[in-house]
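Chemist: Here you go, one structure.
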Amino acid sequence: MPQFDCAIALRRELHNIAEPSGEEVLTEAYIVDFLRRNGIAVEHSIAGHGVVGLIDSGREGPVVMLRADMDAIVYHDPDHPEQMVAEHTCGHDAHIACLLAAGLALKNSVDCGRVKLVFQPSQENLLGALAMIDAGVLDDVDYALSSHVMPIQDLPFGIFSPSVHHNAAATVKVTVHGVQAHAAYEHLGINPVEAAAHLISGTGLMKLNAQKCWSIKATRISGEPGSSATIARHVEVTFDVQTEDDATMDELLHKLRNIVDGTARIFGTHIDLSIKNHCPAYDYDPEFESLISDTIIELFGEAALGPHCACGGEDFHFYKKARPTLRCAYFGIGAACEPGLHTRGMHFDESILPQAARLLTRITQKLLSAKN
Ligand SMILES: [Zn+2]
Ligand SMILES: [Zn+2]
């Protein structure tokens, strides 16, 4: 499939210009330049560094949005601990490359309707999709499709999952307020460390429907710095929360608020709770999913069709929330990512990329076929 082989070289170039969420300057310029050189109409600087390539068949038909994320993950540089470096350890360089290769193939090969090649910034901080929605990217869209390279633990190399089931996810920040006192006179103060410990233990006793998948865990704890002989004035606890659907998320957050309120009453103090970075769970169109399964079999054979995969949060699902009539789907690419996503030095077998670009192209051609 030489038509799609360019995805490999494109990804290698994008890999070298990895940029953090919201700072995708060079990545935006690279995408804009590629699309323009290949005669695809471009809008850019959308919601920061977002780019939309437009392919119009000139005939009536649905609008298909193909979405790739653009940002990389930031790490401390071990050689220069004061500096941060960005690295494409979530494979978003691969997603851009596949979408560019698919765009080239789709330019003159859809019967009807339009294709929007949507390059979305700021996926990792879960802000990009909402910003693209605010910028009006979604206004005329009927179908939305995205995909992700998968860890080898989830999908063997060469296998495609027709449906990646993302959790609803949220980061919850809790600030436990105390009253300062000498540690030897602790009855004169309120110890926020003990209140935070009580709160964290309380989340372990939370009861939700055992038929549902959910989890809550404290991932960060910090407090006012100072003498070990002084009761601190505040402690911050960060929780990561994941649930299999939005209703379970609502229930879990309601119960967490109750535990927070109860802890505050027991300790006679005040506890603030704020929800940061949340995203809804997946909500796919069954017919669209079937079309993806059929296309995987058509292109690569029955053996290439993998199972549904589970995964963490994805801000792609804000698109469906914003436009409930949108028909969404999301496939997983068995790229053998090792040792795992978000781990420095993450690597995968890039020879899968032409196949992923081909799949993206064929699915879109079917959605925009005159026979539909
Ligand atoms: Zn990621
Ligand atoms: Zn990712």
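Chemist: Out of 104, 14, report the one residue that is in contact (Cβ under 8 Å) with a residue 12 or more places away in the chain and within 16 Å of ligand 1 (Cβ to nearest atom).
Modeler: Going through 104, 14 in turn, the sole match is 14.
Chemist: Something else: Which residue is surrounded by the fewest Cβ atoms within 10 Å (Cβ to Cβ), if the candidates are limited to the range 11-28 and must be under 22 Å from the mean Cα position of the chain (by Cα) and closer than 19 Å to residue 104 by Cβ?
Modeler: 12
Chemist: I'm trying to understand the selection: among the residues of the range 142-170, which are surrounded by fewer than 22 Cβ atoms within 10 Å (Cβ to Cβ) and among the polar types (S, T, N, Q)?
Modeler: Listed by number, the residues that qualify are 153, 163.
Chemist: Within the range 285-296, can one find any residue that is closer than 22 Å to residue 179 by Cα and among the charged types (D, E, K, R)?
Modeler: No, because not a single residue in the range 285-296 is closer than 22 Å to residue 179 by Cα and among the charged types (D, E, K, R).
Chemist: Right, another one. Under 8 Å by Cβ, and 6 or more places apart or on different chains, what pairs join a residue from the range 304-327 that is more than 28 Å from residue 216 (Cβ to Cβ) with one that is among the basic types (Lys, Arg) and at pLDDT 95 or above?
Modeler: Matching pairs, first to second residue: 326/320.
Chemist: Within the range 60-74, can you find the residues that are within 12 Å of ligand 1 (Cβ to nearest atom) and not in a loop (DSSP other than H, G, I, E, B)?
Modeler: 69, 73, 74
Chemist: Quick check on the range 288-309. Is at least one of its residues at pLDDT below 95 and either within 16 Å of ligand 1 (Cβ to nearest atom) or in contact with an Asp or Glu (Cβ under 8 Å, 6 or more places away or on another chain) (or both)?
Modeler: Within the range 288-309, one or more residues are at pLDDT below 95 and either within 16 Å of ligand 1 (Cβ to nearest atom) or in contact with an Asp or Glu (Cβ under 8 Å, 6 or more places away or on another chain) (or both).
Chemist: Let me ask something additional. Filtering the range 114-156 down to residues that are under 14 Å from the mean Cα position of the chain (by Cα) and in a strand (DSSP E or B), which residue is farthest from ligand 2 (Cβ to nearest atom)?
Modeler: Top of the filtered list is 145.
Chemist: Which ones in the range 59-78 are charged (D, E, K, R), farther than 10 Å from residue 118 by Cα and modelled with pLDDT of 95 or more?
Modeler: 59, 60, 71
Chemist: Taking the options 33, 79, 69, name whichever one is among the charged types (D, E, K, R) and in contact with a helix residue (DSSP H, G or I) (Cβ under 7 Å, 6 or more places away or on another chain).
Modeler: The match here is 69.
Chemist: Just a yes or no: is a residue in the range 214-226 in a loop (DSSP other than H, G, I, E, B) and surrounded by 19 or more Cβ atoms within 10 Å (Cβ to Cβ)?
Modeler: Within the range 214-226, none of the residues are in a loop (DSSP other than H, G, I, E, B) and surrounded by 19 or more Cβ atoms within 10 Å (Cβ to Cβ).
Chemist: Say we look at the range 187-213 and pick out the residues that are of a type in the set (A, V, I, L, M) and exposed (fewer than 12 other Cβ atoms within 10 Å of the Cβ); which of these is nearest to residue 281 (Cα to Cα)?
Modeler: 210
Chemist: Do you know which residues across the range 75-91 are within 13 Å of ligand 2 (Cβ to nearest atom) and part of a strand (DSSP E or B)?
Modeler: 87
Chemist: Before we move on, is residue 59 charged (D, E, K, R) and either touching a residue at least 40 places away in the same chain (Cβ under 8 Å) or not assigned by TED's automatic domain parsing to the domain that holds residue 331 (or both)?
Modeler: In short, yes.
The values are calculated or read from the model by the stated rules, or taken from the named source; none is laboratory data. Note that this is a predicted model, so its numbers are computed, not measured. Cβ: placed from backbone, ideal geometry, glycine included. Neighbour counts: every protein chain shown.
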